[in-house]
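Data first, discussion second: the structure below is written as structure tokens.
The values are calculated or read from the model by the stated rules, or taken from the named source; none is laboratory data. From a predicted model like this one, the values you see are computed outputs, not experimental measurements. Heads up, the Cβs are rebuilt from the backbone with ideal geometry, glycines too, and the neighbour counts pull from every protein chain shown. Each accessible area value is taken on the protein alone, full model and side chains, heavy atoms only, with ligands, DNA and RNA left out. Shrake-Rupley method; radii C 1.70, N 1.55, O 1.52, S 1.80 Å.
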Amino acid sequence: MKRLLKTIQGENGELFALIDGNRILLANCKPSFELFEECVSVPILGTSYKVKSYKFVIVLCDDLAYTREVSIDYFRKVKGFDLVVDIQRTDGVFEVIKLNNIIPTEIELDGQWRFEVTKDKELINKIFNL
């Protein structure tokens, strides 16, 4: 079973493409962050146990304001993506979050972009505890 545990909306996002060692601003955006829990029942020694895993997904929707032309040929040069975004804490202060080498799982040139972050567990916990 897959459940959405929490969604956080970001502000003033900047998506960067990494090309030939350069960090190039690709788009301005308002990303949302989603934390999913996946639970699978696994039989162990005749008893069923639930094994949980968590997935952190960044979603960029139709609000992408591209700073350059984006095409399939452009993506052939891209070696990675970075994202810088402001997230409002519970005390009302905005905190700058920097995510490096985020992995795209789905890119629709005229629609939604989805990225998965799995490596930086400390940063993921920080975002969802703001």
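Can you work out the FRET efficiency for the pair Asn125 and Arg23, with r the C-beta to C-beta distance and R0 = 25 Å, to the nearest 0.05?
Between Asn125 and Arg23 the formula returns 0.45.
Let me check against my output: what whole-number percent is the relative contact order of the range 1-114, with C-alpha pairs under 8 Å and at least 6 apart?
27 percent
Which value, in Å², gives the accessible area per residue of the chain when a 1.4 Å probe is used on the protein heavy atoms?
For the chain, the per-residue accessible area is 62 Å².
Grab the other residues whose beta carbon is less than 14 angstrom from that of Cys39, score K and R as +1, D and E as -1, and report the net.
+3
Between the alpha-carbon centers of the range 83-130 and the range 49-81, tell me the distance in whole angstrom.
11 Å
What does the charge count near Asp86 come to, summing +1 for each Lys or Arg and -1 for each Asp or Glu among other residues with Cβ under 12 Å from its Cβ?
Net local charge, Asp86 excluded: 0.
Across the range 103-113, in residue order, what do the Karplus-derived ³J(HN,Hα) couplings come to in whole Hz, using 6.51 cos²θ - 1.76 cosθ + 1.60 with θ = phi - 60° and x for Gly and Pro?
9, x, 10, 7, 10, 10, 4, 10, x, 7, 10
For Lys121, list the aspartates and glutamates whose Cα falls under 15 Å from its own Cα; do not include residues on the same chain fewer than 8 positions away.
Answer for Lys121, where 15 Å is the Cα cut-off: Glu34, Glu37, listed by chain and number.
What is the mean projected area of the alpha carbon convex hull for the chain, to one decimal in square nanometres?
Result: a mean projected hull area of 9.9 nm².
So, with a 1.4 angstrom probe, what is the percent of accessible area on the chain that is carbon and sulfur?
C and S atoms contribute 49 percent here.
Return the aspartates and glutamates within reach of Lys79: Cα separation strictly under 20 angstrom, same-chain partners fewer than 8 residues apart disregarded; answer none if there are no such residues.
Straight-distance partners of Lys79: Glu14, Asp20, Glu69, Glu106, Glu108, Glu116, Asp120.
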